[in-house]
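The values are calculated or read from the model by the stated rules, or taken from the named source; none is laboratory data. Since this is a predicted model, take the numbers as computed values, not measurements. Because the Cβ atoms are built from the backbone with ideal geometry, glycine has one as well, and the counts that use them run over all protein chains shown. What goes into the accessible areas is simple: the full protein's heavy atoms, side chains included, and nothing from ligands, DNA or RNA. Shrake-Rupley method; radii C 1.70, N 1.55, O 1.52, S 1.80 Å.
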Amino acid sequence: MMEKIALITGASSGLGKSIACKLAKDGYNVIITGRRQERLVELEKEIETHYDVKALSLIFDVRLYSEVEAAINSLPDKWRNIDVLVNNAGLAVGLNPIQEGVIDDWERMIDTNIKGLLYITRLVSPIMVGRRSGHIINIGSIAGKEVYPNGNVYCATKHAVDALSKAMRIDLLPYGVKVTQICPGAVETEFSLVRFNGDEQRANQVYEGFKPLIADDIANAVLYAVSQPAHVDVQDVLVMPSAQANSSIFNKAK
Ligand code: NDP
Ligand code: 8X3
């Protein structure tokens, strides 16, 4: 049996990749998941080269329960006892007023950010409950605390993550399973490139004139949460760039 195991969704990029590396550095064997196989296979090699742990990639789309179920059921016995689940896979698509919203964008956000998180949690939490131990980290957002113009459905999905984090904490409390929500402000990753369908110029504009967070800043928060003693649960962490006061007020260079 392996000592410590963490499963990180959305590890092919951004926060998930950095979280996987930090946890591996801390001695976790990591199950890294996403849809882009080549990236995950490369990360698997990178982790096993640099750290004294094992890495295993699982390729699936979190929106498809049958794929998620098959992936979790395919885990070899020695990988099944997951200690830490990081529900990170997620995205924003588009930035339109509600009356101009694109239905397919809404479906992608709701299916990924809410249903995907639920599917994985439904499959992994019984393992934790059975072992009377475990830690679920949900990556929320400042967008789950406040709404901002044109953020409507993305903000709603992250408000759902906020609600689900509180709800999971209640349901899992009797079984010694901790739940932490980590809510970042603006982090420079592929997030805006995805939101604006590959439009690099528009994506770069999001981070102009101020210093955004980097993925490692959020991975540090995850490491802090999982490193606490058994009697301490870091419930909710909001990490913002120093130049960002709330979801829409920034101190940008003129
Ligand atoms: P990235 O676009 O860099 O990474 C997103 C990750 O999610 C990728 O690994 C992607 O993998 C995975 N993913 C997306 N859709 C699916 C899917 N259907 N099935 C499986 N995996 C999927 O963005 P971030 O790292 O910034 O985003 C990570 C999380 O952080 C998200 O939940 C986001 O909402 C949240 N967040 C981000 C902030 C930011 O400013 N960047 C701020 C606050 C929260 P693949 O494409 O290979 O499937
Ligand atoms: C991502 C941060 O402010 O673009 O969750 O919604 S924001």
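Accessible surface of the stretch 173-254, 1.4 Å probe: 52 percent of it comes from carbon and sulfur atoms.
Computed on the Cα atoms alone, the convex hull of the stretch 189-243 gives a volume of 88 cubic angstrom per residue. Pairs exceeding 31 Å between alpha-carbon atoms, taken from LYS78/LYS145; LYS54/LYS178; LYS17/LYS178: LYS78/LYS145.
Taking amide H atoms as placed 1.01 Å from N in the peptide plane, the amide H of THR180 lies under 5 Å from those of ILE136, ILE137, ASN138, each 5 or more residues away in sequence or on another chain. Taking the average, over residues, of other Cβ atoms within 10 Å as the packing measure, peptides 120-131, 11-22 rank 11-22, 120-131 from highest down. In this structure the amide hydrogen of GLY185, modeled in the peptide plane, comes within under 5 Å of the amide hydrogens of ILE142, VAL239, MET240, none closer than 5 places in sequence on its chain. Principal axis extents of the C-alpha atoms in the stretch 27-133 (largest first, rounded to whole Å): 51, 33, 21. Specify the residue with the greatest mean-square fluctuation among ILE59, ILE103, ILE31, computed from a Gaussian network of the chain linking alpha-carbon atoms under 10 Å apart. Largest GNM mean-square fluctuation: ILE103. Based on the alpha-carbon gyration tensor of the stretch 135-218 and its eigenvalue square roots a ≥ b ≥ c, which shape applies: rounded if a/c is under 1.5, prolate if not and a/b is larger than b/c, or oblate? Since a/c reaches 1.5 and a/b is larger than b/c, the shape of the stretch 135-218 is classed as prolate.
Pairs of Cα atoms under 8 Å, at least six residues apart: use those to get the relative contact order of the chain, whole percent. Relative contact order, the chain: 19 percent. Accessible surface calculations at 1.4 Å, restricted to protein heavy atoms, place the chain at 48 Å² per residue.
Using the Cα coordinates of the chain, the gyration tensor eigenvalues translate into equivalent-ellipsoid semi-axes of 29, 19, 19 Å, sorted from longest to shortest. Since only SER18, ILE170, LEU40 are under comparison, the one whose Cα sits farthest along the positive direction of the charge dipole of the chain, derived from C-beta charges on Lys, Arg, Asp and Glu, is ILE170. With no solvent and one equal point scatterer placed on each C-alpha of the stretch 1-75, evaluate the Debye formula and give log10 I(q)/I(0) for q = 0.13, 0.15, 0.19, 0.28 Å⁻¹, two decimals. Taken in order of the listed q values, log10 I(q)/I(0) reads -0.33, -0.44, -0.70, -1.32. For a label point 7 Å from the Cα of VAL239 along Cα→C-beta, name the residues of the stretch 105-146 whose backbone N is under 18 Å from it. Counting only backbone N, you get 135-145.
Here is how the number arises for the chain: DSSP H runs of 4 or more residues each give -39500 (n - 2.57), the sum is divided by the residue count, and the result at 222 nm is -12500 deg cm²/dmol. Shape index of the stretch 105-151: Rg/Rh, with Rg the Cα radius of gyration and Rh the Kirkwood radius from the inverse mean 1/r over Cα pairs, equals 1.11.
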